[in-house]
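Below is one structure, written out as structure tokens; the observations come after it.
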Amino acid sequence: MEIQPRFSREFLYVLSGILAHALYFIHGEHHLHPLAPVKAYGCLILTITAYGAFLGDGKIVSSFSTAIYTLSLHQLGLFSSIVIYRLFFHRLCRFPGPVAARISMGWLLWQNIRCQKGYLKLASLQEKYGKFVRVGPNKLVVFDANTLQAIENPANGCTKSDWYDCGYPTTGLNMWREIDLHDSRRKVWANAFGSQSMAYFDTIINLYCTKFVRLLAKSEGCPINLTQYFNLLTFDIIGEIGFSHTFGALERGAGYKIEEVVARFMEALGAISAMPWLCRLLTDIPGMLSPWTGFLEWCRNLVLQRIESKVDYPDISSVWISHSREAGTLEQDTLLLQGDAQTLIVAGSDTVASVLTHLFYHLCLQPEHQEKIKEELSQVPGRFDARTLQNCTHLNAVIDETMRLHASVPTGGERLTGAAGLTIDGVFIPPNVAILPARYVLGRMEDCFEKADRFLPERWYPNSKLRHEKRAHLPFGEGRYGCIGRALALMEIRCVVATLLNSYTVRFAAEENKHRVVEDMRDHVAAAPGRLDVVFERSLDN
């Protein structure tokens, strides 16, 4: 039987969609320019409409209908090919996972938007599917003690995934995906953490801790929201040591506008960053993502203000600015400096505040650890500085145990497997596959830690038998992508805890609400703890 021409054309339209997937969409990355396909298909519609109107029957409406019909068949072929390929022929089709997740990143996006508790969703996936779970068309989560070390080890060739392009075209240390550019920028940052600079930062942190104690004295014996106070404190500290700028968040208190801008940005980032192309698309549309663009603009103004100002002591941003000045690229490096500012503000305040909040939750829950730390601090001569506090065994054990149970970045830090792929627990993962590290889940796995759900700081004592796989606990990462501000963050956490416990004993304000801080914790890339209402009471020996 002779095939009718109309059927032949329809078949070719569908086939064109299949070929578009096989020859273009399946290869490389396309998330940086999400409007490119839209523009291409828009041009196709205009071309078909114009052709029909001027060289066909001359009717624009019917020509436009033909163009839409043609494109619909093309899209049918395209999306059918995508679904069939991802379900049955993709390199990861042998790994289990939700069907919707295997087809589209929209599944993970919906989980982030719906409950903002992706860390709990990953825990449920581990229970249902086991050690290796496919959570996206090209994304795996691996619940194995060796996962973090495997993806962070430079010898394994893993790089940063397309997640780090969410802020493009803004760049910076944390957003460079190219290894040579990242390593070069890291060397610039490293100059900000020399011994003299760290001694200066130690002084600044102590000054703010003293200011914080004076502030607490005004509400002594009264309930306060410690989650909010720690957000304001760490924000002020990073403003001073990062930009020689006094934000004044502690003085302004609740409702401080800029701190709220940062919080809304992190909420937006946590919600939509599962799809980097969606971040790019929404930020290109004016007014569509105001929390995001508002934070970027604030960081830009902060950098421009810092460039114009002179300081008595070198802060962290002075290192970046001096490097650009010496290279004669200060004007061209605006987006780079802005990106570095974003990294410093978020990594230097939100993550530290999260650790402090969860730490004091456990100190209230198990007050015996307050007494142990107080006893330890009583043996420290003089003021609390970085050198003396890093030798306080129980203080540091409490910090480590807090970071194990409450990862400040519960599910972030994706890596892309290298050209040789990656083998974990004898299972080969193909090249160019995104690995999502489930730090929250790894820190609570019984095969890694004895009595994993219990807060036992003693597990971090030397020769403790309470930890089986220390490799599952890398709160600051390691290797080339490890947190460059690790020493600074620990210095700040130790100083805050020591200063407060040296003057006060802390307890829950109300027993019925004491678990809200963990029950309401949200995953905004950095952990966003719930409300923690406590009462500070002056210690009897003060």
*Quick check: anything in segment 438-448 modelled with pLDDT under 95, out of contact with any helix residue (DSSP H, G or I) (no Cβ under 7 Å at 6 or more places or on another chain) and open to solvent by 70 Å² or more (accessible area, probe 1.4 Å)?*
yes
*Spot the failing condition for Phe295; the list is (1) without any contact (Cβ under 8 Å) to a residue 24 or more places away in the chain; (2) closer than 27 Å to Lys117 by Cβ, and only one is missed.*
(1)
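So that you can scan it fast, the table gives a plain yes or no per residue for (1) outside any loop (DSSP other than H, G, I, E, B); (2) among the charged types (D, E, K, R); (3) closer than 29 Å to Asp162 by Cβ; (4) in contact with a Cys (Cβ under 9 Å, 6 or more places away or on another chain):
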{"site": "Ala347", "(1), (2), (3), (4)": "yes, no, yes, yes"}
{"site": "Ala353", "(1), (2), (3), (4)": "yes, no, yes, no"}
{"site": "Leu359", "(1), (2), (3), (4)": "yes, no, no, no"}
{"site": "Gln370", "(1), (2), (3), (4)": "yes, no, no, yes"}
{"site": "Ala397", "(1), (2), (3), (4)": "yes, no, no, no"}
{"site": "Thr402", "(1), (2), (3), (4)": "yes, no, no, no"}
{"site": "Val409", "(1), (2), (3), (4)": "no, no, yes, no"}
*Is there any pair linking a residue in segment 508-525 that is among the basic types (Lys, Arg) to one that is open to solvent by 70 Å² or more (accessible area, probe 1.4 Å), with Cβ under 9 Å and at least six apart or on different chains, and which?*
Arg516/Arg531; Arg522/Glu267
_Hits in segment 98-108 - residues which are out of contact with any Leu (no Cβ under 7 Å at 6 or more places or on another chain) and either closer than 19 Å to Val427 by Cβ or not hydrophobic (A, V, I, L, M, F, W, C) (or both)_ = Pro98, Ser104, Gly106
*Quick check: anything in segment 167-190 over 30 Å from Leu109 (Cβ atoms) and crowded, with 21+ Cβ neighbours inside 10 Å?*
no
*Top-ranked residue in segment 422-437 [being farther than 21 Å from Gly28 by Cα and assigned to a loop (DSSP other than H, G, I, E, B); ranked as least open to solvent (accessible area, probe 1.4 Å)]*: Pro437
*asked:* If I ask for residues that are free of Cβ contacts under 8 Å to residues at least 40 places away in the same chain, in a helix (DSSP H, G or I) and either in contact with a strand residue (DSSP E or B) (Cβ under 7 Å, 6 or more places away or on another chain) or within 26 Å of Trp110 (Cα to Cα) (or both), which ones from segment 121-163 would you list?
replied: Lys121, Ser124, Leu125, Glu127, Lys128, Tyr129
_Inter-residue pairs, beta-carbon under 8 Å, first within 27 Å of Pro169 (Cα to Cα) and in segment 13-34, second part of a helix (DSSP H, G or I) and of a type in the set (Phe, Trp, Tyr), 6+ apart_ = His21/Tyr85; Ile26/Tyr85; His30/Trp277; His31/Trp277; Leu32/Trp277; Pro34/Trp277
*Which residues, taken from segment 226-279, are of a type in the set (Gly, Ala, Ser), within 21 Å of the chain's Cα centre (by Cα) and not in a loop (DSSP other than H, G, I, E, B)?*
Gly239, Gly242, Ala263, Ala268, Gly270, Ala271
*asked:* For segment 472-493, check the following and say yes or no: at least one residue is aliphatic (A, V, I, L, M), touching a strand residue (DSSP E or B) at 6+ places or on another chain (Cβ under 9 Å), more than 22 Å from His369 (Cβ to Cβ) and not in a loop (DSSP other than H, G, I, E, B).
replied: yes
*asked:* Quick check on segment 509-534: of everything there that is crowded, with 20+ Cβ neighbours inside 10 Å and among the hydrophobic types (A, V, I, L, M, F, W, C), which residue is nearest to Gly348 (Cα to Cα)?
replied: Ala526
*Name every residue in segment 222-261 that is in contact (Cβ under 8 Å) with a residue 60 or more places away in the chain, under 11 Å from Ala353 (Cβ atoms) and not polar (S, T, N, Q), in order of residue number.*
Leu226, Phe230, Leu233, Phe235, Ile237, Ile238
*Taking Arg280, is it among the basic types (Lys, Arg), modelled with pLDDT of 85 or more and at negative phi?*
yes
_I'm checking my understanding of the structure. Among residues of segment 272-328 that are within 21 Å of Gly194 (Cβ to Cβ) and among the basic types (Lys, Arg), which one is most open to solvent (accessible area, probe 1.4 Å)?_
Lys310
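Of everything in segment 287-337, what is within 22 Å of Ala271 (Cβ to Cβ) and assigned to a helix (DSSP H, G or I)? Give them in sequence order.
Listed by number, the residues that qualify are Ser290, Pro291, Trp292, Thr293, Gly294, Phe295, Leu296, Glu297, Trp298, Cys299.
Is there a residue in segment 396-403 that is in contact with an Asp or Glu (Cβ under 8 Å, 6 or more places away or on another chain), modelled with pLDDT of 95 or more and of a type in the set (Gly, Ala, Ser)?
yes
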*asked:* Could you check segment 355-413 and list, in sequence order, the residues that are closer than 19 Å to Asp453 by Cβ and either free of Cβ contacts under 8 Å to residues at least 60 places away in the same chain or open to solvent by 30 Å² or more (accessible area, probe 1.4 Å) (or both)?
replied: Leu365, Gln366, Glu368, Asp400, Glu401, Thr402, Leu405
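Yes/no per residue for (1) over 17 Å from Asp284 (Cα atoms); (2) charged (D, E, K, R):
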| residue | (1), (2) |
| --- | --- |
| Ile26 | yes, no |
| His33 | no, no |
| Val38 | no, no |
| Tyr41 | yes, no |
| Ala50 | yes, no |
| Lys59 | yes, yes |
*Applying the selection to segment 38-61, what residues are in contact (Cβ under 8 Å) with a residue 12 or more places away in the chain, under 30 Å from Met105 (Cα atoms) and open to solvent by less than 40 Å² (accessible area, probe 1.4 Å)?*
Ile45
*asked:* Please go through (1) at pLDDT 95 or above; (2) open to solvent by less than 10 Å² (accessible area, probe 1.4 Å) for Ser349 and return the number of the only condition it doesn't satisfy.
replied: (1)
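The values are calculated or read from the model by the stated rules, or taken from the named source; none is laboratory data. Just so it is clear, the structure is predicted and the values come from calculations on it, not from any experiment. Note that we place each Cβ from the backbone using ideal geometry, even for glycine, and neighbour counts take in every protein chain shown. Note: areas computed on protein heavy atoms with side chains; ligands, DNA, RNA excluded. Shrake-Rupley method; radii C 1.70, N 1.55, O 1.52, S 1.80 Å.
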